Structure formats: C-alpha cells, structure tokens
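The values are calculated or read from the model by the stated rules, or taken from the named source; none is laboratory data. These numbers come from a predicted model, not from an experiment. Backbone-built Cβ (ideal geometry, glycine too); neighbour counts: all protein chains shown.
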Amino acid sequence: MKRRHLWLLLGLCLSLIFSACSVAPQTISMADPETSSTQSVPEQSDERELEIVTLLPFDGIPAIDEPDFLNASQADEEYAPDELIIGVEFNGDARAYSIPLLSSHEIVNDTVGGEKIAVTW
C-alpha cells in the first residue's frame, strides 16, 4: 500500500510540472507563498522578476545514511521480479538500490567495497 501512495505522489508531482510547462507564453504562473495560491501575471518583454517558491523545506527529503540490505532470498520475497534497481559493484562487493525507494529519498550514502559512494535518483 505504501508503494502505491509513492507512485500516486510521483504522478501528482509530474502532473504539476507538465501543467506548469504548458502555460501560455503571455503569462507566467507563480505561487504566492503566503496564501498557497497560484496567480497569473503578465510576462514582461526582457526583464522579469520571478520568485522561486519551494514546496519542501531545506533537507525536506531525508537521505539514507546507513542503509540496511536484504539477502537475495529475502529480496526475492520482498520485491517484484521486474522492480527497477540501480546496481553498484566495487571490489567484489555488490549492492542493489530500489528505484521506488530512492524516489522517496533521492540519495543513499553508502560504502561499497571500501569506497564511499552516493547513489542518487
């Protein structure tokens, strides 16, 4: 059930991005951070002042700093056979990072084969 919510959230975010990109060239859609509403303002020819509005606070998506891993038989029970992963192997040490899990964290800080790495999505 948790994965379904993540996919729904991802779909909603993509919908918002696509709708923001399809705004007519004469107007710019801007969010008002104080009222959480969106307003259209006329686009100026050469000089525009746009306000960047963030949806999440600083460090709003927590990184995974000490990941836990399943062995192969546990992973076979937990994940679907077609689950997308990012695979990493250094010095004979291998890891598989679930893309649906990375979609909710975006970064994993790990040590693989004695090498410090950051896996991002």
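Here are the numbers for the structure shown:
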quantity	calculated
Residue tally, condition assigned to a strand (DSSP E or B), loosely packed, with under 10 Cβ neighbours inside 10 Å and at pLDDT 80 or above, over the stretch 31-90	1
Those residues of the stretch 104-121 which are over 21 Å from residue 74 (Cβ atoms) and within 10 Å of the chain's Cα centre (by Cα), in sequence order	106, 107, 120, 121
Residue pairs meeting the criteria (Cβ under 6 Å; at least 6 apart or on separate chains; first more than 24 Å from residue 109 (Cα to Cα), in the stretch 44-65; second part of a loop (DSSP other than H, G, I, E, B) and at pLDDT below 80)	53/33
